[in-house]
Amino acid sequence: MSTDDLHAHKRFYKEATAAAKDGAAAVLIDGRQLRTPGKTAFLAPTLALAEACAAEWQAQGDVVRPDTMPITRLVNVAIDHTPRTRDRIVESIAGYAATDLVCHRATTPESLVKRQAERWDPLVAWAADTLEAQLVVVPGVIAADQPAEARAAFEAAAATHDDFSLTALAHAVGMAGSGVIGFALARGHLDAVAAFEAASLDDLWQLETWGEDHVARQRLDNLEAEFLALGRYFVALRA
């Protein structure tokens, strides 16, 4: 069976489990091995990751909703798409060196300037030490004239990731608007909550300062859920 058959319809199975298989780990739906939308065997590199996927399937109610299975979705992408698009993914991640969120700072008000410095300066320093990416902090949101070496460092760091890690890294970088935050989450320097808070610092400050807004809060809640799923994915991948 393949996950592309599942578009929010009635649950047709009783049990989802995980099992070691062929040096990797499979998800079994009532004993039958799951396949990807591309009809490839759904095999995760660690048993913990397969178990996380199986838990998403087991948690479904009477109606199966693939949009509530983010870890399964990432594994599908890692198997079906990432192997043939690696170069483009790595290049995309490298491009964030010019626009990385943590490098673009407010000049007022003082409370926001201070919070950005407190939360983001350590990440800029971590990127310099760990990724060898010497990023320049600038005021405003216009793309910075970053050193070519910084982009090269992002590119080299991204290229070291295997397909499963690269898939989640690209998702994290895109959600955060930051290669630094994405790499920090992928490497365990930040946990999922800290990564979400770093990526959403400005929006969270706005809500704290000016009061709650239902639409903004819902968007942030959805983003936090995505980061939490990514956190579970990376933890399971490292298990």
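With the condition being open to solvent by 60 Å² or more (accessible area, probe 1.4 Å), on the phi < 0 side of the Ramachandran plot and among the hydroxyl-bearing types (Ser, Thr, Tyr), I'd like the helices (runs of 4 or more DSSP H) fully within the range 59-165 carrying at least 1 qualifying residues. Walk me through how you get there before you give the answer.
Working: elements: 70-80, 82-95, 110-126, 148-159.
Filter on the range 59-165 gives 82-95, 110-126.
Is it true that ASP191 is out of contact with any strand residue (DSSP E or B) (no Cβ under 6 Å at 6 or more places or on another chain), modelled with pLDDT of 95 or more and loosely packed, with under 15 Cβ neighbours inside 10 Å? Write out each step before concluding.
Numbers: out of contact with any strand residue (DSSP E or B) (no Cβ under 6 Å at 6 or more places or on another chain): yes; modelled with pLDDT of 95 or more: yes; loosely packed, with under 15 Cβ neighbours inside 10 Å: no.
In short, no.
So which residues in the range 71-102 are over 18 Å from MET175 (Cα atoms) and among the aliphatic types (A, V, I, L, M), if there are any at all?
ILE79
Being touching a Gly at 6+ places or on another chain (Cβ under 9 Å) and not hydroxyl-bearing (Ser, Thr, Tyr) is the filter here, so list the residues in the range 81-101 that pass it.
Residues satisfying the conditions are HIS81, ILE93, ALA94, GLY95, ALA97, ASP100, LEU101.
The values are calculated or read from the model by the stated rules, or taken from the named source; none is laboratory data. All values derive from a computational prediction rather than experimental measurement. Backbone-built Cβ (ideal geometry, glycine too); neighbour counts: all protein chains shown. To get the accessible areas, we keep the full protein, side chains included, count just its heavy atoms, and leave off ligands, DNA and RNA. Shrake-Rupley method; radii C 1.70, N 1.55, O 1.52, S 1.80 Å.
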